[in-house]
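Take a look at the structure set out below.
The values are calculated or read from the model by the stated rules, or taken from the named source; none is laboratory data. What you are looking at is a predicted structure, and each value in this text was computed from that prediction instead of being measured. Cβ: placed from backbone, ideal geometry, glycine included. Neighbour counts: every protein chain shown. The protein model used for the area step is the full one, side chains on, heavy atoms only, and it has no ligands, DNA or RNA in it. Shrake-Rupley method; radii C 1.70, N 1.55, O 1.52, S 1.80 Å.
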Amino acid sequence: AEPMQGKGIMIRTVRKLVDFAFRNLNHNRVQIKIASGNEKSEAIPIKLGFVLEGIERSGEFHGTRFHDLKIYSFLKKEWTEQLIRGI
């Protein structure tokens, strides 16, 4: 909902989910795919320090056409290092 935008809710939520994936599920890698041109959604992995790996061309069909997807990832060792640095 628009009134809830800009309050950092998604940043906090994604941070908790990533932390849960690494600590509780013992995942080594978390990946987020964002449709090219979706700047608001793309700001989330960028703010959290995810690494842009590349673009999956025509990776998702939405509406009436295929969209390219930007692929961001975080590795467990990077997450741990970030926690140690207090980021």
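Summary of computed values
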| quantity | calculated |
| --- | --- |
| Top-ranked residue of the stretch 29-46 - restricted to ones that are part of a strand (DSSP E or B) and not β-branched (V, I, T), ranked as least open to solvent (accessible area, probe 1.4 Å) | A35 |
| Test result for E2, open to solvent by 60 Å² or more (accessible area, probe 1.4 Å) and modelled with pLDDT of 95 or more | no |
| Subset of the stretch 47-82 that is in contact (Cβ under 8 Å) with a residue 12 or more places away in the chain and assigned to a helix (DSSP H, G or I) - its residue that is most open to solvent (accessible area, probe 1.4 Å) | K47 |
| Test set (1) open to solvent by 30 Å² or more (accessible area, probe 1.4 Å); (2) within 23 Å of I84 (Cα to Cα); (3) in a helix (DSSP H, G or I); (4) not aromatic (F, W, Y) - N26 fails condition number | (3) |
